[in-house]
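Report on one structure; see the data block that follows.
Derivation of every value follows stated rules applied to the coordinates shown; laboratory data play no part. Quantities reported herein were computed from a predicted structural model and do not represent experimental measurements. Virtual Cβ from ideal backbone geometry, glycine too; neighbours counted across all protein chains shown.
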Amino acid sequence: MPDLGFIHAAPFYELTALVVLAAVIGFCGVLLRQPMIVSFIAVGVVAGPSALNIVQSHEHIELLAELGIAVLLFLVGLKLDLKLIRTLGPVALATGLGQVAFTSAIGYLLGIALGLDAVTSLYVAVALTFSSTIIIVKLLSDKREVDSLHGRIAVGFLIVQDLVVVLAMMVLSALGIGAQTGAASSALAQIGSVMIYGLLMLVFVLLFIRYLATPLVSRVARSQELLITFAISWATLLAAIGSQLGFSKELGGLLAGISLASTPFREAIVARLASLRDFLLLFFFIALGTQLDLSLLGSQFFPALVFSIFVLIGNPLIVMVIMGLMGYRKRTGFLAGLTVAQISEFSLIFMAMGLSLGHVSTDALGLVTLVGLITISTSVYMITYSHRLYSKLEHWLRIFERNQPFREEALEKQPPSTQPYDVILFGLGRYGKAIAHYLKKEGFSLLAIDFNPDEVQRWRNQGYPVMYGDASDSTFVADLSLQGVKWVVSAMPQHDIGVTHEDPRLALIEGLNQQRYTGGIAISTQHDHDQQVLKKKGATLVFLPFHDAAERAVERIKAALPPESKLEANKS
């Protein structure tokens, strides 16, 4: 192994080495078409004690990682509002608690069957219940699915899981304090105080939303630089307060985002902080990778494989069962269920706390470490290619859907119509709304479709024909009435990497072709190189919003020139 001692001469050199290593491994991952998260975890493993041992300034890496976590959950909170809690609260609570109970019970029995003692089995079982909110939210954000129904439900029950994590950590910490002080009631006292603090913090956030959020941010937004500084400071402040009061930093950051979600500047904040979030999260994955000490694994491979299969298959199954019983379709349950097919970084912290209290051995920590390595790396692929995986398993998933999935049917109310629609528009983002406005202005009858329940409700409240639906869902596309439809237009958000097999635009084109649709198909893209792929698949028109807008702007500029200026422009 080469001598890398010079890297540790200063934290700056160490940081430089990590960033360069991340760029190299990330580039290799792109060439191999691997998800970036896998590359970043690999950076942590390579930089950790099992390989190059670059990371020595752990406190600096942890600081950047914690800042990244606060910003990530802050941006998630900006996309949420209080109506989400009312509409998705029951399914989030039932799914979150049901998955925790199921995983704990079966995990404990598996531990006993594999020869672990009762205390170790209990620790391992509890550790298996935690799913990584940070990894899941990052993957859903990359796929632009945080606002989808399954994405919102997943965020909801991940929050429930985070609350269980906080409770488990408090109990474990109190047990340690109680063992030192002999105070048996310390755990209950700590839990009670945290509940009171939580209520006070929630009241504070509600009052802030009601009276301060919009006027304060409106004044701050007069300077774009100050707006971003304020946003980061607010996210880290509430994350720090939440941590100090006994919550996780994740919940504090999430509350910070929710508190600003009602302001008119949330989209500007999201756009400006997205790149910073991605950079800072690199250090979270590096910190996670350095915790995966491969020297602890020893002979734990077989039990780790058993537990990993249980997490990868059992956790999604229980989520699908609960969501099916509550009236959701099998597809929604499947996509949401995949998000719990891994364990969390908190699982390792939980086991490390048990080790420090003398409840478990290093072998148990090594076991959970290996389960984490297997489940995290595998679930990343499962979630990244979730739609393709669903299409292959759809036939066997019928048992997870009721004859009448009433909750989703309530979202998919067919709009009243006395005549066929001229245009079906997928996507009600800013570009989609603009297209809808001009189409209606020109007299076209229009049906809008979006997978964001809040956007659907807002459009419906304005009296427009609208449906909740997902272009990636072949069943939904097959059920559409296409008779008389002249154009199907996609204005859906896209992956930054361009057209892929998971792209909902390709799924929409394929679904329309299967229905022998003969009208026009118009697809929007931000990448010039996507045009050939989309047209080859069957797109009639391909819109390039920025290019088209620029061309139209030039036309309007020329039209507004005086006649003599037009002649001079033509001569030049």
Taking 0.36 nm per residue of sequence separation and subtracting the Cα-Cα distance, how much length would be gained by fully extending the chain between residue 536 and residue 437, in nm to one decimal? 32.7 nm
Using a simple spin-label model with points 7 Å from Cα along the Cα→Cβ vector, what separation in nm is obtained for residue 12 and residue 268? 3.5
I want to make sure I understand the PRE zone here: with the label point 7 angstrom from the Cα of residue 193 toward its beta carbon, which residues in the stretch 206-248 have backbone N atoms less than 13 Å away? 244-247
Assuming R0 = 25 Å, can you tell me the calculated FRET efficiency for the pair residue 112 and residue 352, based on Cβ-Cβ distance, to the nearest 0.05? 0.65
Under the rule of at least 5 residues apart or a separate chain, name every residue whose amide H is placed under 5 Å from the amide H of residue 425. 447, 448, 449, 489
Would you please give the FRET efficiency between residue 394 and residue 513, computed as 1/(1 + (r/R0)^6) with r the Cβ-Cβ distance and R0 = 25 Å, to the nearest 0.05? 0.85
Using a Förster distance of 35 Å, the FRET efficiency for residue 556-residue 94 (Cβ separation, nearest 0.05): 0.05
Once fully extended, how much extra length lies between residue 461 and residue 403, figured as 0.36 nm per residue of separation less the alpha-carbon to alpha-carbon distance? 18.0 nm
Show the residues, 5+ positions off or on another chain, whose built amide H is closer than 5 Å to the amide H of residue 541. 521, 522, 523
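Loop-only check: which trypsin sites (Lys or Arg not before Pro) in the stretch 452-560 are DSSP coil with at most 10 other Cβ within 10 angstrom?
Taking the stretch 452-560 and a limit of 10 other Cβ atoms within 10 Å, the loop trypsin sites (Lys or Arg not before Pro) found are 516.
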Trypsin sites (Lys or Arg not before Pro) within the stretch 323-413: DSSP coil, no more than 15 neighbouring Cβ in 10 Å: 402, 413
Given charges at Cβ of Lys, Arg, Asp, Glu: the stretch 416-560 dipole, positive-most of 444, 434, 533: 444
Residue 309-residue 223 pseudo-label distance in nm [points 7 Å out on the Cα-to-Cβ vector]: 6.1
In whole Hz, with x marking every Gly and Pro, tabulate ³J(HN,Hα) for the stretch 258-272 from phi via Karplus 6.51 cos²θ - 1.76 cosθ + 1.60, θ = phi - 60°. 4, 5, 10, 5, 8, 7, x, 10, 5, 5, 5, 5, 4, 4, 7
So if each residue of separation counts as 0.36 nm, and I subtract the Cα-Cα distance between residue 27 and residue 245, what length gain in nm does that give? 74.4 nm
